[in-house]
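The values are calculated or read from the model by the stated rules, or taken from the named source; none is laboratory data. Source: prediction; values computed, not measured. Positions of Cβ are backbone-derived with ideal geometry, glycine not excepted, and every protein chain shown enters the neighbour counts.
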Amino acid sequence: MATQLMTVSVVQAIADDIRSRILRGEYPSDTSFTETDVAARYEVARPTAKAAIEKLVSESLLERPTNKTAKVMTLGPDDVRDIYLTRARLEKAVLLELAESRTVPPAAVAAQRDLERIDSGSGLDTVDPDMRFHMALVDSIGSPRTSRMYESLVSQVRLCMAQVQGLELVQPERIVREHQHLLDLIEAGDGPAATAFLDEHLSRPRERLVAAVGGVPGPEADLGSSLDAQG
């Protein structure tokens, strides 16, 4: 019996590479991508380059106004708040569902362990396991459409963090502690407490990101964690 191999189209491969570089901060805000440049860089035909660019435009990582060159998306303060508040709405519904069945997703636990192993380096070192933790919660309810909606938001959160590369918005130890508390609340079946704590967990980085992209942060940016009082 022949072995089935998964193939990736040239368009997908180019989009994946550009996306990865954007999210690592190699292409800062407003970096331009013309069909000619992309075609030359990857040695492909212009229609292929155009398709890759359009894919990233559809993911909101690139923006291309009518008759203009595609550029890396620039996120302003209002964008940051809208992204975070939207993802909070999705995650709250997920937390209530998980808490009702007291289901702690193994993939979220695995991401948490990866976070625990981070002890130094760039502030961006926490971004991947942090996002995987939250994505694992959403994926665990088994709704492909919800996962796709959430993933499109996560890409923009990563983009925003990449644009402020090197800025440690929240200490890794605090992220680890707060993630564990969310898992504990899910296991305890306390959905309302989990959703309330999620608001706290997301509001701090949200407002610090707002400040990083030139906005006026809300008071949440400087609030401590409610876990501090618990010792």
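Annotations
- Scanning segment 214-228 for residues being out of contact with any Asp or Glu (no Cβ under 8 Å at 6 or more places or on another chain) and among the aliphatic types (A, V, I, L, M) gives a total of 1.
- Helices (runs of 4 or more DSSP H) within segment 54-169 that include 1 or more residues closer than 23 Å to D184 by Cα and among the charged types (D, E, K, R): 77-101, 106-116, 127-139
- Test for P205: is it outside the structural domain of P28 (by TED's automatic domain parsing), touching a Leu at 6+ places or on another chain (Cβ under 6 Å) and crowded, with 19+ Cβ neighbours inside 10 Å: yes
- Just one of (1) surrounded by fewer than 14 Cβ atoms within 10 Å (Cβ to Cβ); (2) in the same structural domain as V213 (by TED's automatic domain parsing) fails for P65. It is (2).
- Residue in segment 47-59 that is closer than 23 Å to R206 by Cβ and either outside the structural domain of G189 (by TED's automatic domain parsing) or surrounded by fewer than 18 Cβ atoms within 10 Å (Cβ to Cβ) (or both) present: yes
- Pairs meeting the criteria (first residue in segment 128-152 and in the same structural domain as V170 (by TED's automatic domain parsing), second residue surrounded by fewer than 19 Cβ atoms within 10 Å (Cβ to Cβ) and in a loop (DSSP other than H, G, I, E, B), beta carbons under 8 Å, at least 6 apart or on different chains) are P129/I118; S140/T103; S152/E59; S152/S60.
- Residue within segment 114-136 that is of a type in the set (F, W, Y) and at pLDDT below 95 present: no
- Residue selected from segment 185-217 under the condition over 21 Å from the mean Cα position of the chain (by Cα) and not in a helix (DSSP H, G or I), by the criterion farthest from Q171 (Cα to Cα): G189
- Residue selected from segment 107-159 under the condition in contact with a Gly (Cβ under 9 Å, 6 or more places away or on another chain) and surrounded by 15 or more Cβ atoms within 10 Å (Cβ to Cβ), by the criterion nearest to I22 (Cα to Cα): L124
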